[in-house]
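I have placed the structure first, in the form of structure tokens, so that the comments after it can refer back to it.
Rule-based calculations on the coordinates, nothing more; no lab input. Since this is a predicted model, take the numbers as computed values, not measurements. Here Cβ is always computed from backbone atoms with ideal geometry, including for glycine, and neighbour counts include all displayed protein chains.
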Amino acid sequence: MQTNQSIRLPVTIMRGGTSKGVYILESELPADHSAWEPLLLRLMGSPDKKQIDGLGGSQSVTSKVAIVKKSDRPDADVDYTFAQVSVDKPLVSYKGNCGNISSGVGPFAIEKGLVEAKDGVTPVRIYNTNTNKIIIADVHTADGTVEYEGDFAIAGVPGTASPIKLKFVEPSGTLGNGLLPTGNAVDTLDVPGFGPVQVSIVDAANPLVFVKAADLGLTGRELPDELNADAEKLDLLEKVRGLAAVKLGLITDYTRSAWDTPGIPKMTFVAEAADYVTADGKEIKKEDIDLLSRMMSMQKTHPSYAMTGAMCTAAAAVVPGSVVNQVLSPSVDTQFIRIGHPGGILECGVDYRENGAVPEIDDTFGFRTANFLMEGTARIRL
């Protein structure tokens, strides 16, 4: 309900990896967490496909919020809550985490004095409240400040910046049911109007549902504009995701997935390495990647690849018989898995111990960059 009241909220806008979001100190928000949703919707300008009256950028990857405070935990420096603000629905989801936005949390914490900068590299221990997991971000610092400039490039972001190593510690089981929450490396979903589809539901950093591209009539080389224009394929992908959400116990009606659990599990289809062309026209050779993969984000195609998705993909790679494991070469270096996505190549790795059918994942890791874009005061109409 629109009123004449407004509040002024101190905010910072940062690029984290291939996402962009608003970073807020939790102390600036109402103590009553139920008041967060309407406030964040107004802040981002949702629901509106253009988000013209807010700070959102009209895509799921630019409609994100990080809420940060100093942690009371002995194993963490800061607590971080991720909020995915829907662009076109009056909905804020706290289910799951965003690894790209996570890469901005360390620099933000240092900027706000929550963590003291060291000379060289400052490790920031981040407790993600959404997944109940610890992430360690190694942030380059000098003279008490964050170093944003550097020569490290990531696909999907122009230019170069200082690298940030993200290590997801013991990432398995964000839903409380281990790496393979169904107990199986492969499950079969009976998709209405389509038929049986084999999937792997894997939970590391975030829960993902993996399917072979060919099993859905896809190639794995699809680009976002192409797939987003195909309403029939989008509907099929969401059906698979919804059925996986039912199998995980997140919902009871798969047709409600876009409303009741829009962010998890993340829908991902994979294929064996092959030559392809990125969204910006760059040619990628199959020799330079270990697999093709495409992710969905809030019912649209992710323009690049979610960092938590990469972490889960790395974990799935070492699960014998999983869909991801099936499309990889047996000689793949699990310390350096190269994912070919619409924006280019993302490298990630996994440290694990073999333990029969279900390996023990010690950590997954990868590199991102971040950029401090602006800080100021947002005026929010209530």
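General observations
- Tail beyond 29 Å, pair distance distribution of the chain (Cα, percent): 39 percent
- Charge dipole (debye, nearest 20) of the range 268-368; +1 at Cβ of Lys and Arg, -1 at Cβ of Asp and Glu: 400 debye
- This ranking places LYS64, LYS233 by how few other beta-carbon atoms lie within 10 Å of each, fewest first, which gives LYS233, LYS64.
- Considering only ILE251, ILE101, ILE126, the Gaussian network model of the chain with Cα springs below 10 Å gives its largest mean-square fluctuation to ILE251.
- Distance in nm between pseudo-label sites at ILE7 and ASP280 (7 Å out along the Cβ direction from Cα): 3.8 nm
- Proximal lysines relative to LYS118, as straight alpha-carbon distance under 29 Å, when same-chain residues fewer than 8 apart are discounted: LYS20, LYS64, LYS69, LYS70, LYS133, LYS165, LYS167
- Per-residue Cβ neighbour rank within 10 angstrom, fewest leading, PHE152, PHE168, PHE365: PHE152, PHE365, PHE168
- Taking the number of Cβ atoms within 10 Å of each Cβ as an exposure proxy, the fewest-first ranking of TYR305, TYR148 is TYR148, TYR305.
- Relative contact order of the chain, defined on C-alpha pairs under 8 angstrom at six or more residues apart (%): 20 percent
- The Cα trace of the range 187-359 gives Rg and Dmax of 15.1, 43 Å, the first to one decimal, the second as a whole number.
- Cα→Cβ-extended label distance, 7 Å offset, between ASN355 and ASP190, nm: 3.4 nm
- Kyte-Doolittle at least -1.0, axis length at least 27 Å by Cα - qualifying DSSP helices, the chain: none
- Estimated translational D of the range 140-198 in µm²/s (Stokes, Kirkwood radius over Cα pairs; 10 °C; 1.306 mPa s): 98 µm²/s
- Computed from backbone phi, the HN-Hα couplings of the range 268-284 come to 9, 10, 10, 8, 5, 4, 7, 4, 7, 10, 6, 4, 9, x, 7, 7, 10 Hz, rounded to whole numbers (Karplus: 6.51 cos²θ - 1.76 cosθ + 1.60, θ = phi - 60°; Gly and Pro given as x).
- Other residues whose C-beta falls under 10 angstrom from the C-beta of SER19 contribute a net charge of +4, scoring Lys and Arg +1 and Asp and Glu -1.
- Taking 0.36 nm per residue of separation and subtracting the Cα-Cα distance, full extension of the segment from GLU287 to ASP235 would add 15.5 nm.
- Residue among ASP151, ASP48, ASP77 with the largest mean-square fluctuation in a Gaussian network model of the chain, springs linking Cα atoms under 10 Å: ASP151
- Efficiency of FRET between ARG381 and ASN228 - r from beta-carbon atoms, R0 22 angstrom, step 0.05: 0.10
- Given +1 at the Cβ of Lys and Arg, -1 at the Cβ of Asp and Glu and no other charges, the dipole of the chain around its Cα centre is 920 debye to the nearest 20.
- Ranked by how many other beta carbons lie within 10 Å on average, peptides 310-318, 31-39 from highest: 310-318, 31-39
- You can think of it this way: the chain between ALA142 and LEU373 has 81.3 nm of extra reach, that is 0.36 nm per residue less the Cα-Cα gap.
- Centroid-to-centroid separation of the range 288-363 and the range 103-181 [C-alpha atoms, Å]: 20 Å
- Counted residue by residue at 0.36 nm each, then reduced by the alpha carbon distance between them, the extension gain from THR255 to ALA153 reaches 32.8 nm.
- The residues neighbouring PHE82, those whose beta-carbon lies less than 15 Å from its own, together hold a net charge of +4 under the Lys/Arg +1, Asp/Glu -1 convention.
- With the convex hull drawn over the C-alpha atoms of the range 203-298, the volume per residue is 104 Å³.
- Spin-label model, ASP75 to HIS33: label points 7 Å out along the Cα-to-beta-carbon direction sit 1.9 nm apart.
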